[in-house]
Each structure stands twice: as C-alpha cells, then as structure tokens.
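To keep things clear, I will list the structure first and then write my remarks on it.
The values are calculated or read from the model by the stated rules, or taken from the named source; none is laboratory data. If you're wondering where the values come from, they're calculated on a predicted model, not measured in any experiment. Cβ placement follows ideal geometry from the backbone for every residue including glycine, while neighbour counts extend to all protein chains displayed. Side chains included, ligands, DNA and RNA excluded: accessible areas come from the protein's heavy atoms. Shrake-Rupley method; radii C 1.70, N 1.55, O 1.52, S 1.80 Å.
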Amino acid sequence: MLEKQSLDEFLSSINKGKAVIVSVSPQSRASLAVHFGLSPLQVFKKLTTLFKTLGVKAVFDTSCSRDLTLIESCYEFITRYRQCHLTTDEKSKLALPMISSACPGWICYAEKTLGSYILPYISSVKSPQQTIGAIIKNHICQMLCIRPEDIYHVTVMPCYDKKLEAVRDDFVFQVEAQGEKITEVDSVLTTGELLDLVKSRSVDFASLEESPLDKLLANAAEGGHLYGVHGSSGGYAEIIFRYAAKTLFGKEIVGPLNFKTIRNSDFKEVTLEVDGETVLKFALCYGFRNLQNVVRKIKAGKCEYQFLEIMACPSGCLNGGGQIKPKAGESAKDLIQSLELKYMENVTEADPLENPIIKGLYAEWLDEPGSEKAKKHMHTEYHPIVKSITSQLQNW
Ligand code: SF4
C-alpha cells in the first residue's frame, strides 16, 4: 500500500473516474508560505487553483478536522480525570496521564518499543488526518449521495510517518459485509512532494490566481480570513488545559497560557493552582530524547503530569521530515522561526468549541462529543507489536 503513496499514483487517480479530494494541513500551508513569500491564506487559495486545474473536485483543510479531534480530546480528558480522581479502584487511577495521539512517529515508537504498559495512556482520539478521512468517507459521501468507494482522498502533510498512519488496518472500514474495503485516506503527499509537483509542471506558484475556498470543510470565515488554534503541533495541551480548568475548577483562563521551559525549549509545562494547590499540570514534550525521559517516569509511576502533548520531531510538526528544506544559506533554526511566525500570520485564533462546521457535524451526524457515533468514527485503538520469534532470535 505504501508504494501507492506517490505523486504518480495521485496524478493517475485523477483520470480513473473517481472524485479526488485533497485535504491540506496547516503546517504544509505554512511551509509553502515561507518558501514562496506568501500568506497561508494566499497559499490555500493558490493550491485550490492548482489542484482544481489538475481535476481535483474539492480542497479541504485539516485544521477544521483538528477542531473536532480537540473537542473529543477535551471530553476524553474530563472522563479520564473523573475516573482517576473519583474512584478508589486502583486500575481506574491509571487513567492518567493522558497522552496525545496525533503523531504517528510517537505511536509507532510506543507500539513497537514500549509495549502494552504505555498504550492505555494514549488518547483514543484519531489524528486530524484520519478524522477528516472519516468525515469525508462516512458523512460527506452520504450528504452528497456519492459512494465512498468512488472517492479518492489525498492529504498533504508535513511528515512521511503520516503515510504509515494512513495504511493502518484500524483506518479501513466496510460499508456492507461483502462490500469493498474503504480507506479513510487513500494517499498522503508530503509538503516537499507537493513542491516537486509544482516544479515538475513548471508552475509559477506565486503568480497563480487565487480561487474561492471550499468552505464545507475549511476554517475559512465569511470575511475571507482563516481561523484556528495556536500551537504548531495542534494546540492539544493548551485547549484541553483551558477546557479542564473551566469544567473541573470553574476557572476561565483569559490571555496566553504561561508555559515554562523545563530542561530545553522542547519540554515545557503549564500548571493551574487553586487555593495554593497545583490541580492541573500539563506538558509539551517534543523530540525523542524528551519523550524517552517522560515515558521512563510513567513506567516508574513517577509522572507528575495529567496530560502530555508528545510529538516525535523536535519543534513539532512544523519541523516534520516532509516539510520543504531550508534554502541555501538558511539555517534549520532560522527556518523554524520563520515557520512559527508564518503559521498564524493573518489566521484568527478561534475556540474549536465555537467552530460552526464542527457544531454542524455533531448536529447532523455525531450527536454529541463522546457519543457512540463519535466513538465509532473518531476514536481508535493501539496494538503492541509483538516481534516474531525469528526476529527476536535475529537480535540475539
Ligand atoms: Fe509527523 Fe513529526 Fe508531526 Fe509527529 S511531530 S506528526 S513525526 S511531523
């Protein structure tokens, strides 16, 4: 399946009679925006022109599906917190820390290397990539009276590991018992591969016309601007922290959160105190060195955090291996700084709970956060990968 995830496969699928839909990540938009000296909104509109010229039917935005994953994550955290704190059952006390699940680099490492003890801590919420796939292949298809097997869904991501995520069996479903197997995401292109496409077609990207956006699944307001959450890797810790502070302790946090750097810039924590007591303690933990330290603490039962936003790449998704590389003479550090500034340029910060598209999805399809339908379509499971006897013997 992985060999199918290439530019050639994407281009040939356009001519095979399927309706091709492309979902673009905000990190990829930022990478192209820095590369071409444009704003993320300009990039999104020009990508819409580029893809539609090639024959793509719709171009969507994974910052929209990410809002849905954030809401489901908030509800999951509150459920786990109550399970952990309002019980005497020792097993239920292991519901925390909850660990974010949006990074396939981290999930792969946990399943292959850490074994079964870590998996119950990982949030069951799917990543924004798989969530938008589930929305398109289940709900949008039904709305538009298109069979899911007649849609070819491609994502543009900052990361090669997203290709591995897309081919997991957990993200394949069947509409009928004997029916065709449907994959939520048929193919993943990295940002760099998209740039290769632009170059191979000799497209003057910066001069392309700007097309209207497909607002069905895009965080684009009527006024024409983009909206979304802060946090270059999704803002999981920040959004869940604010929601938990309000729901569990009645504390509305106004203004930016005060993340303190611990050890290095890729490990930061934020706390909430009530009556002199620390009641919430969350951390951002990026890069393998940091995540290895924190999982060691979890294993030893000494982790003081209730939520961990773990990302495998140092600096998170903006620095993913599939992003456009620094230009000649530009350092990786300078590029990351430019990307962080560009990521939210002209993008209005907005509360996921107020996203009108997501409210519509709950009203028309999922009922409410944490519902049976939401669990079916928006949540998943993880599996420890047991090495075969042969491979274990090879390691001796
Ligand atoms: Fe991919 Fe890196 Fe982001 Fe993880 S942190 S999802 S490996 S880009």
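Give the range 252-270 a look and list any residue that's over 28 Å from GLY320 (Cα atoms) and open to solvent by less than 50 Å² (accessible area, probe 1.4 Å), or say none.
Of all residues in the range 252-270, those over 28 Å from GLY320 (Cα atoms) come to 252-255.
If the condition is that a residue be over 28 Å from GLY320 (Cα atoms) and open to solvent by less than 50 Å² (accessible area, probe 1.4 Å), then ILE253, GLY255 are the ones that fit.
Restricting attention to the range 174-196, and to residues there that are assigned to a strand (DSSP E or B) and free of Cβ contacts under 8 Å to residues at least 12 places away in the same chain, which single residue is least open to solvent (accessible area, probe 1.4 Å)? Quick ask: steps written out before the conclusion?
Of all residues in the range 174-196, those assigned to a strand (DSSP E or B) come to 174, 181-183, 187-190.
Filter once more, so that each one left must be free of Cβ contacts under 8 Å to residues at least 12 places away in the same chain: 174, 181.
On the way: GLN174: 87, LYS181: 146 Å².
Ranking the candidates gives GLN174 first.
Sort through ALA374, ALA328, ALA363 and tell me the only one that's more than 28 Å from GLY223 (Cβ to Cβ) and assigned to a helix (DSSP H, G or I). Step through it out loud before you land on a result.
Working: ALA328 fails: assigned to a helix (DSSP H, G or I); ALA363 fails: more than 28 Å from GLY223 (Cβ to Cβ).
Answer to the check: ALA374.
A quick yes/no check of all residues on (1) surrounded by 12 or more Cβ atoms within 10 Å (Cβ to Cβ); (2) of a type outside the set (Asp, Glu); (3) within 30 Å of LYS137 (Cα to Cα); (4) without any contact (Cβ under 8 Å) to a residue 12 or more places away in the chain:
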| position | (1), (2), (3), (4) |
| --- | --- |
| CYS285 | yes, yes, no, no |
| ASP334 | yes, no, no, yes |
| VAL347 | yes, yes, yes, no |
| ALA363 | no, yes, yes, yes |
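(1) modelled with pLDDT of 95 or more; (2) within 16 Å of the ligand (Cβ to nearest atom): which one isn't true of ARG80, the others all being true?
(2)
Would you be able to tell me the number of residues in the range 195-213 that are more than 11 Å from LYS45 (Cβ to Cβ) and not aromatic (Phe, Trp, Tyr)? Give the derivation first.
Of all residues in the range 195-213, those more than 11 Å from LYS45 (Cβ to Cβ) come to 195-207.
Retained after the next criterion (residues that are not aromatic (Phe, Trp, Tyr)): 195-204, 206-207.
So the count comes out to 12.
Can you tell me which residue is nearest to the ligand (Cβ to nearest atom) among those in the range 129-147 that are open to solvent by 20 Å² or more (accessible area, probe 1.4 Å) and part of a helix (DSSP H, G or I)?
Within the range 129-147, the subset open to solvent by 20 Å² or more (accessible area, probe 1.4 Å) is 138, 142-147.
Then drop every residue that is not part of a helix (DSSP H, G or I), which leaves 138, 142-144.
On the way: ASN138: 23, GLN142: 29, MET143: 29, LEU144: 30 Å.
Of everything passing the filter in the range 129-147, ASN138 is nearest to the ligand (Cβ to nearest atom).
Every residue, every condition in (1) within 16 Å of the ligand (Cβ to nearest atom); (2) within 20 Å of GLY235 (Cα to Cα), yes or no:
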residue	(1), (2)
PRO256	no, yes
GLU277	no, no
PHE282	no, yes
CYS285	yes, yes
GLN292	yes, no
LYS302	no, no
LYS327	no, no
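I need the full set of residues from the range 89-113 which are more than 16 Å from the ligand (Cβ to nearest atom) and open to solvent by 30 Å² or more (accessible area, probe 1.4 Å), in order please. Quick ask: steps written out before the conclusion?
Going residue by residue through the range 89-113, those that are more than 16 Å from the ligand (Cβ to nearest atom) are 89-98.
ASP89, GLU90, LYS91, LYS93, LEU94, listed by residue number.
Could you list, in sequence order, all residues of the range 148-169 that are assigned to a helix (DSSP H, G or I), away from the ligand (no atom under 16 Å from the Cβ) and open to solvent by less than 50 Å² (accessible area, probe 1.4 Å)?
PRO148, GLU149
Of everything in the range 221-266, what is small (Gly, Ala, Ser) and assigned to a helix (DSSP H, G or I)? Give them in sequence order. It would help to see each step written out before you state the result.
Step one: filter the range 221-266 for residues small (Gly, Ala, Ser), giving 221, 223-224, 228, 231-235, 237, 244-245, 250, 255, 265.
If the condition is that a residue be small (Gly, Ala, Ser) and assigned to a helix (DSSP H, G or I), then ALA237, ALA244, ALA245 are the ones that fit.
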